[in-house]
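We did not get these values from a lab; they are worked out from the coordinates using the rules stated. The structure displayed is predicted, hence computed values, not measured ones. Because the Cβ atoms are built from the backbone with ideal geometry, glycine has one as well, and the counts that use them run over all protein chains shown.
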Amino acid sequence: MEDEKKRMEDEKKKMWDEKKRMEDEEYLEDPIPRDAILIVPMEVSATPKRSDILGTAGKFVDDFIINVKKAGIFESMGVQPTKTAILEGEKGTGKTLAVQIINNEINKKLLTEIMTKHPNPTFSLFTLPYDIGRYGTPYINQGSKIMQTFFDTAYQLAKQTPIHITMDEFDTLAEGRGLSQSHKEDKKVLETLMKNLQISHDTPNVYVTMMTNLIDSCDSAAIRAGRIDKRIRFELPNYEERHKGFNYIIEKINSTAGYKVIRGSKPDLLAEMSERFSYADIIQSVNSAVTKKAEEISIIETPKVIKAGYIKQGRLEKAVEKHKQEYNLNEKRIGFC
Ligand SMILES: Nc1ncnc2c1ncn2[C@@H]1O[C@H](COP(=O)(O)OP(=O)(O)OP(=O)(O)O)[C@@H](O)[C@H]1O
Ligand SMILES: [Mg+2]
């Protein structure tokens with residue numbers, strides 16, 4: 001009797017295991033979603049341009065452009081240009097902006113060709129953003145397959161045109177866990193990534209830029225020397241840089257409006273007041289001072305008489321203080337938040 005019971009239980013377990021195996025297989029064979037491997041190059045536009053980026057990010061743009069345009073000089077001297085770089089550091093310091101500007105600057109000719117109706121407008125650089133949201137998939141083997149297809153397409157294109165592969169939020173890929181629901185899949189994706197960073201590094205015409213706020217979460221093997229040529233740290237702007245940042249945005253608003261919307265500003269004072277601001281904070285606080293004035297005018301003015309509104313230093317200082325409160329930029333920061 002006991003034996004019979006055990007036999008039945010074993011049988012039940014077997015059936016259960018078989019059912020699970022079949023489910024897993026189905027899971028394995030789920031087709032890759034149709035648009036999952038759609039590889040779309042970044043669009044080229046007239047702005048943002050080189051003059052819109054300051055500090056370390058601006059220097060990175062210049063260096064990158066030289067490396068791509070003058071790759072032959074490096075090669076003739078027995079070295080490679082910088083092929084793979086990781087931009088790490090503070091939020092709002094221009095990592096993502098730098099990539100857009102590189103794409104716009106190197107492809108300037110393409111825009112002219114389109115405008116002058118050139119019969120065959122051509123890219124000088126393809127920027128291929130690796131879209132973690134789109135290419136990530138919970139299916140076993142497919143995340144790594146999609147990634148491999150992405151890189152293979154890039155290698156093919158690189159036979160004719162320089163390719164810039166960009167990976168924003170790189171830590172999500174390179175921490176080797178957490179992207180899909182399966183640890184095994186995450187490991188496979190990481191292995192595929194490492195293999196292809198090495199191939200990209202050794203393949204002419206392929207450049208890779210990775211970006212992250214969380215360098216410490218990245219697998220150390222993924223970012224070791226030889227796979228990554230340069231680690232560039234993006235710090236918050238210092239006093240001089242903040243000064244330039246305030247100057248830049250004030251002049252930009254005035255020139256876009258075509259008259260002095262911001263009058264009598266003192267960027268040196270604003271720079272002193274904003275010790276822990278990123279460039280993004282600087283730009284947003286000045287913009288918000290002008291937006292507030294525009295809102296006030298919109299309420300009072302009738303549509304027929306719209307006065308050319310302007311603001312002065314006092315409003316800028318208030319906006320900087322308000323931004324500090326809203327974004328908790330008063331206290332010394334602890335950790336990443
Ligand atoms: N170096 C800079 N020079 C001029 N403007 C900047 C700079 N850095 C950031 N900005 C402004 O802040 C905005 C956000 O910057 P960006 O998205 O490039 O930051 P990020 O470093 O990628 O931040 P995150 O780490 O959060 O992704 C830009 O669109 C731009 O308006
Ligand atoms: Mg970014």
statement: Taking placed amide H atoms and a strict 5 Å upper bound, the residues 5 or more places from Phe234 or on another chain that come that close are Glu88, Gly89, Glu90
field: Cβ-derived FRET efficiency at R0 41 Å, Tyr239 paired with Gln156, nearest 0.05
entry: 0.30
task: Give the order of Val261, Val290 when sorted by the count of other beta carbons within 10 angstrom, beginning with the fewest.
output: Val261, Val290
message: For Thr203, Thr166, which order do you get if you count the other beta carbons within 10 Å of each Cβ and list the fewest first?
response: Thr203, Thr166
message: Assuming 0.36 nm per residue, please report the length gained on full extension of the stretch Asp10 to Leu38 beyond their Cα-Cα distance.
response: 5.3 nm
statement: Per DSSP, the loop-located GluC sites (Glu not before Pro) within segment 30-114 having at most 16 other beta carbons within 10 Å are Glu43
- request: Please work out the Cα convex hull volume for segment 34-234 and give it in Å³ per residue.
  value: 124
q = 0.16 Å⁻¹: log10 I(q)/I(0) that the Debye formula gives for the chain, counting C-alpha atoms only: -1.31
task: Go through segment 286-292 residue by residue and turn each phi into a ³J(HN,Hα) via Karplus (6.51, -1.76, 1.60, θ = phi - 60°); whole Hz please, and just put x for glycine and proline.
output: 5, 4, 5, 5, 6, 4, 4
- prompt: Which stretch or stretches of segment 74-103 have amide N atoms under 14 Å from the point lying 7 Å from Asp216's Cα along the Cα→Cβ direction?
  reply: 89-90
message: From the helices alone, meaning DSSP H stretches of at least four residues, give me the mean residue ellipticity at 222 nm for the chain, per-run term -39500 (n - 2.57), in deg cm²/dmol to the nearest 500.
response: -16500 deg cm²/dmol
- prompt: For the Cα atoms of the chain, what angle does the longest principal axis make with the long axis of helix 239-257, in degrees from 0 to 90, nearest 10?
  reply: 70
query: Does anything in segment 145-160 have its amide N under 11 Å from the 7 Å Cα→Cβ label point of Asn120, and if so which residues?
result: none
Cα-based shape type of segment 67-140, given that a ≥ b ≥ c are square roots of the gyration tensor eigenvalues and the cut on a/c is 1.5: oblate
Amide proton proximity set for Thr166, modelled H, under 5 Å, gap of 5+: Leu128, Tyr130, Thr209
field: Filter on Lys49/Lys252; Lys244/Lys307; Lys109/Lys244 - keep pairs with C-alpha separation over 19 Å
entry: Lys244/Lys307; Lys109/Lys244
